[in-house]
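**Student:** Attaching a single structure in structure tokens format; questions to follow.
We did not get these values from a lab; they are worked out from the coordinates using the rules stated. Because the structure is predicted, anything quoted here is derived from the model rather than measured. Here the Cβ positions follow ideal geometry from the backbone for every residue, glycine too, while neighbour counts run over all protein chains shown.
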Amino acid sequence: MSAVDVEDIRASHIGETIQLRGTVSSISANMIGISSAFYCCSKCGCSYTVQNEVPYGKPTKPLKCSEEAGCGATKSNLELIENQSTFVDFRIIHLIPYSGAMGAEPVELVVTNMETSIEHGTGVISEAQIRSKEIKGHLVIPYGFADDIELIPMRSGVESQISDSNASLVRKICNNICAEGDGKAPLNHIYREAANANVSECVVDEVLSQMRMTGELFSP
């Protein structure tokens, strides 16, 4: 399964599981969600188990106790039984394009039970299901949901290839393209201009990574 950069998420990915790749722009503190809720009617004792889509699913508490199996009481009589429900730790990571393209909106990746330590500017890849968290009119906001995340290792042997002049040149190329492109710098455009100046793609990638870490390169 080839990796999909966050800037390349399309309508066809909604509901699918993909290898999602991006660079961390922010990460939340740990939060707790409830993935399986067990409710019990305080009047008749009838019980219900409902599954929740953490963290953006619609509320799933039953509207009332079943009139057929229970007493028909309103939902105010349905109590959450915590020791029979399932809770989950999760964190929300905002990802910008790993490619270094500027101007793209960050994409949220919800990671449950995350143990990997990551920092701002880290490149990551994750097997994630692409879901939609919000619908505004006809606009769908996608996000990724995963239970694991991996760091993208830094490219070996690249640092020795980067001179101050090459780093300055790549920065100048990015700034010029952004100025001409309404604040956006497509990666293929950066590669092309860098190649014309005899700067390799691996050097461009490493300089862009440094720019993301220092805040020179970001998505608003």
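**Student:** Put a dot 7 Å past each Cα toward the Cβ at Ser76 and Leu151; how far apart are the dots in nm?
**Tutor:** Label at Leu151, label at Ser76, 5.3 nm between them.
**Student:** I've got another one for you. Can you tell me the dipole magnitude for the stretch 33-88 around its Cα centre, using point charges on the Cβ only (Lys, Arg +1; Asp, Glu -1), in Debye to the nearest 20?
**Tutor:** The calculation lands at about 140 debye.
**Student:** Could you check the simple spin-label distance between Lys61 and Thr112, using points 7 Å along Cα→Cβ, in nm with one decimal?
**Tutor:** Each label point lies 7 Å from its Cα, and together they span 2.2 nm.
**Student:** Mind checking the log10 I(q)/I(0) for the chain at q = 0.10, 0.12, 0.18 Å⁻¹? Debye, one equal scatterer per Cα, no solvent, two decimals.
**Tutor:** Debye output, listed in q order: -0.57, -0.73, -1.24.
**Student:** How much net charge surrounds Gly70 when only the other residues with a Cβ under 9 Å from the Cβ of Gly70 are counted, with Lys and Arg +1 and Asp and Glu -1?
**Tutor:** 0
**Student:** Counting other beta carbons within 10 Å of each residue's own, what order do Met31, Met211 fall into, fewest first?
**Tutor:** The most exposed by this proxy come first: Met31, Met211.
**Student:** Calculate the FRET efficiency for Ser47 and Glu216 from the Cβ-Cβ distance with a Förster distance of 45 Å, rounded to the nearest 0.05.
**Tutor:** 0.20
**Student:** Can you tell me the length gained on complete extension of the stretch Glu134 to Ser85, counting 0.36 nm per residue apart and subtracting the Cα distance?
**Tutor:** The span from Glu134 to Ser85 would gain 15.1 nm if fully extended.
**Student:** Between the helical axis of 201-214 and the dominant principal axis of the chain, each derived from Cα atoms, what acute angle in degrees is found, rounded to the nearest 10?
**Tutor:** Tilt relative to the chain: about 60 degrees.
**Student:** If I build a Gaussian network model for the chain, linking alpha-carbon pairs within less than 10 angstrom, which residue out of Ala194, Ala73, Ala146 has the largest mean-square fluctuation?
**Tutor:** Fluctuation is largest for Ala73.
**Student:** Take the Cα atoms of the stretch 33-88, find their three principal axes, and give me the spread along each one in whole Å, biggest first.
**Tutor:** Largest to smallest, the principal-axis extents are 31, 22, 16 Å.
**Student:** Still on this structure, please answer the following. About the Cα centre of the chain, what is the dipole size in debye to 20, counting +1 per Lys and Arg Cβ and -1 per Asp and Glu Cβ, all else neutral?
**Tutor:** For the chain, the charge dipole is close to 680 debye.
**Student:** Measuring from label point to label point, each 7 Å out along Cα→Cβ, what is the Asp182 to His120 span in nm?
**Tutor:** 2.8
**Student:** Straight-line reach from Lys58: which lysines fall under 28 Å, measuring Cα to Cα and dropping same-chain residues less than 8 apart?
**Tutor:** Within the straight-line limit of under 28 Å, Lys58 reaches these lysines: Lys43, Lys75, Lys133, Lys136.
**Student:** Any chance you could give the angle, 0 to 90 degrees and rounded to 10, that helix 187-196 forms with the longest Cα principal axis of the chain?
**Tutor:** Orientation of helix 187-196: about 10 degrees from the principal axis.
**Student:** Further question: How large is the direction-averaged shadow of the alpha-carbon convex hull of the stretch 1-80, in nm²?
**Tutor:** 8.3
**Student:** Please go through the stretch 21-97 and write out the GluC sites (Glu not before Pro) that DSSP classes as loop and that have at most 15 other C-beta atoms within 10 Å.
**Tutor:** Counting only loop positions with at most 15 other Cβ atoms within 10 Å, the GluC sites (Glu not before Pro) in the stretch 21-97 are Glu53, Glu67, Glu68.
**Student:** Provide the gained length on full extension for the span Ala69 to Ala11, in nm with one decimal, where the gain is 0.36 nm per separating residue minus the Cα-Cα distance.
**Tutor:** Extending this stretch completely gives an extra 16.8 nm.
**Student:** Compute the FRET efficiency between Ser165 and Ser26 as 1/(1 + (r/R0)^6), taking r as their Cβ-Cβ distance and R0 = 25 Å, and round to the nearest 0.05.
**Tutor:** The computed FRET efficiency comes out at 0.20.
**Student:** Also, quick follow-up: Using only alpha carbon pairs under 8 Å that are at least six residues apart, calculate the relative contact order of the chain and give it in whole percent.
**Tutor:** It rounds to 22 percent for the chain.
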